[in-house]
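Okay, so here's the structure we're looking at.
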Amino acid sequence: MYVEKLVINTGKLIKSGLSIEAYFTLVCLSHDYQEVIELYVDKVSRIDKSVFKALIDAGWIEIIGESITFDNIKITNKTDKFFNIVTTALDHKKFFQELRDTYPKSAKFRGKRRPLHSDMDACEKKYRAIIDSEELHKKIIKCVKMYTNDLMKKDGSLEFMQLLSTWINQKNYQSYIDDTDDFKESEETNTYDAV
């Protein structure tokens, strides 16, 4: 998720006892602002390992795995409480299965079937990292339908439809997400050349 402006609550900053860089890192981690951290690292500087060590030592985060990467960092209950984050158990398995059921499994390409579902383990992991609410999942399901409809209206087939893993990794659903409220299920095209 990209944010144009990140507001730092100075009261919380002082209360946390963290450095500004550690606090910034914690805000980005707790609100899943991966792109903000990536832009910071790209445009400003790498975040020193001592920042992550301070967050670990103070009980703000835990590292799952061998390396410090966005996907290997887990925020703790202390962080959830500090930022008043309400954590509800999301059924990511069910959400991913619904995504798989909605996204066409294959498409005709030059007279042959081309599979659209590949590398499902990595795809599920990426989808799990993206989905932070049931509402977002429902919007992405609508995005799949809108994307499929657009291809059918444009070409009359799904010949050039992206692999599901590519569509998720490149976050191509974002080009539809702002229009999901206007999408009516009755607009859905029901004749696909997919299985």
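Every number in this text was worked out from the coordinates using simple rules, so none of it is lab data. Note that the structure is a prediction, hence the values are computed from the model and not measured. Cβ: placed from backbone, ideal geometry, glycine included. Neighbour counts: every protein chain shown.
Here are the numbers for this structure:
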{"read-out": "In sequence order, calculated HN-Hα J values of the stretch 160-167 (Karplus, 6.51, -1.76, 1.60; Hz; x Gly/Pro)", "value": "9, 5, 6, 4, 4, 4, 5, 4"}
{"read-out": "Within the chain: Cβ-based charge dipole about Cα centre, in debye rounded to nearest 20 (Lys, Arg +1; Asp, Glu -1)", "value": "360 debye"}
{"read-out": "Computed Kirkwood radius, in angstrom, where 1/r is averaged over Cα pairs of the chain", "value": "19.0 Å"}
{"read-out": "Hydrodynamic radius of the stretch 92-187 per Kirkwood, over alpha carbon pairs, in Å", "value": "13.7 Å"}
{"read-out": "Inter-label distance, nm, simple model (7 Å from Cα along the C-beta direction), T10/D182", "value": "4.2 nm"}
{"read-out": "Residue exposure sequence - K126, K43 - by fewest surrounding Cβ within 10 Å", "value": "K43, K126"}
{"read-out": "Which listed pairs, of K43/K142; K105/K171; K12/K139; K93/K171; K112/K139; K126/K154, have C-alpha distances above 26 Å, in listed order", "value": "K43/K142; K12/K139; K112/K139; K126/K154"}
{"read-out": "Cα-based radius of gyration of the stretch 10-82 once divided by 2.2 N^0.38 Å, which approximates compact folds", "value": "1.03"}
{"read-out": "Total charge dipole magnitude, the stretch 92-187, about the Cα centre, Cβ charges on Lys, Arg, Asp, Glu only, Debye to nearest 20", "value": "600 debye"}
